[in-house]
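For reference, the structure is listed below as structure tokens.
The values are calculated or read from the model by the stated rules, or taken from the named source; none is laboratory data. Note that the coordinates shown come from a computational prediction; the quantities given were computed from them, not determined experimentally. Cβ placement follows ideal geometry from the backbone for every residue including glycine, while neighbour counts extend to all protein chains displayed. Calculation scope for accessible area: heavy atoms of the full protein, side chains included, ligands and nucleic acids excluded. Shrake-Rupley method; radii C 1.70, N 1.55, O 1.52, S 1.80 Å.
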Amino acid sequence: NPHPTKPVRATWQFLNASGSRAEVTHVLPPRGHHRVRVNTVPGIEGEHATLVSGTWASGDDVGLPAPIIAERTIAWGSDIEGHSTRGAPFPSLTWYFAEGSQGGQWATYLLLMNPHDRQATVQVNYMLESGLSAPYTYTVDPRRRFTIYPPVTGAFGILVTSIGATPVPIIAE
């Protein structure tokens, strides 16, 4: 919660790949934070996407949207190895990824999340040294996560585009 004087109610919605959902809510004090350990939240499956939102917890604007900052930290082993990244601030129609690799010691996978209530049609192109690959098209169901294991080998970049008559903004990682 970046606000200096007002508390924020933060809600974590976990959208499982199967379509089921889990949710937790915590009130963040002014300039406070809270860590959710997903392994302890009932109902979360191995493959899930997370939506984090904030609303004002008190005052005249209680329940209205409030700004928050979200990050995702992944740790393994004895919690000394891992990485953190800031959450995507909003969905987009286009996502670019500069580096991916399949084969050898590396395995890239692409995560797509549709936070909306209607299906998204998504086109994925792989940017190979020889040029752009043929497009691969996927349907991402509403409020779901979808995992893609790239069908190409070697080093590549990735271009993800939500397509259709009325494209649905998505989140890609």
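Miscellaneous remarks
- Members of segment 72-97 that are modelled with pLDDT of 90 or more and small (Gly, Ala, Ser): 92
- Test result for residue 167, at pLDDT 95 or above and either touching a His at 6+ places or on another chain (Cβ under 8 Å) or in a loop (DSSP other than H, G, I, E, B) (or both): yes
- Among residues of segment 31-67 being of a type in the set (A, V, I, L, M, F, W, C), open to solvent by 50 Å² or more (accessible area, probe 1.4 Å) and closer than 23 Å to residue 91 by Cα, the one that is modelled with the highest pLDDT is 64.
- Filtered residue count, segment 70-81, keeping only those that are closer than 13 Å to residue 10 by Cβ and exposed (fewer than 13 other Cβ atoms within 10 Å of the Cβ): 1
Yes/no per residue for (1) under 30 Å from residue 148 (Cβ atoms); (2) in contact with a Gly (Cβ under 9 Å, 6 or more places away or on another chain):
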site: 18; (1), (2): yes, no
site: 34; (1), (2): no, no
site: 39; (1), (2): yes, no
site: 45; (1), (2): yes, no
site: 49; (1), (2): yes, no
site: 53; (1), (2): yes, no
site: 56; (1), (2): no, yes
site: 60; (1), (2): no, no
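- Residue in segment 124-133 that is closer than 20 Å to residue 48 by Cα, open to solvent by 60 Å² or more (accessible area, probe 1.4 Å) and not polar (S, T, N, Q) present: no
- Against the numbered list (1) more than 30 Å from residue 27 (Cα to Cα); (2) modelled with pLDDT of 95 or more; (3) of a type in the set (S, T, N, Q); (4) open to solvent by less than 60 Å² (accessible area, probe 1.4 Å), residue 119 comes up short only at (4).
- For segment 1-54, a residue qualifies if it is in a loop (DSSP other than H, G, I, E, B) and among the hydroxyl-bearing types (Ser, Thr, Tyr), and the qualifying residues are 5, 18, 20.
- Near pairs, Cβ below 9 angstrom, 6+ apart or cross-chain, from segment 95-117 (under 15 Å from residue 148 (Cα atoms)) to any residue that is open to solvent by 60 Å² or more (accessible area, probe 1.4 Å) and among the basic types (Lys, Arg): 112/144; 113/144; 114/144
- Between 162, 84, 101, the distinction of being in a strand (DSSP E or B), in contact with a strand residue (DSSP E or B) (Cβ under 9 Å, 6 or more places away or on another chain) and open to solvent by 50 Å² or more (accessible area, probe 1.4 Å) belongs to 84 only.
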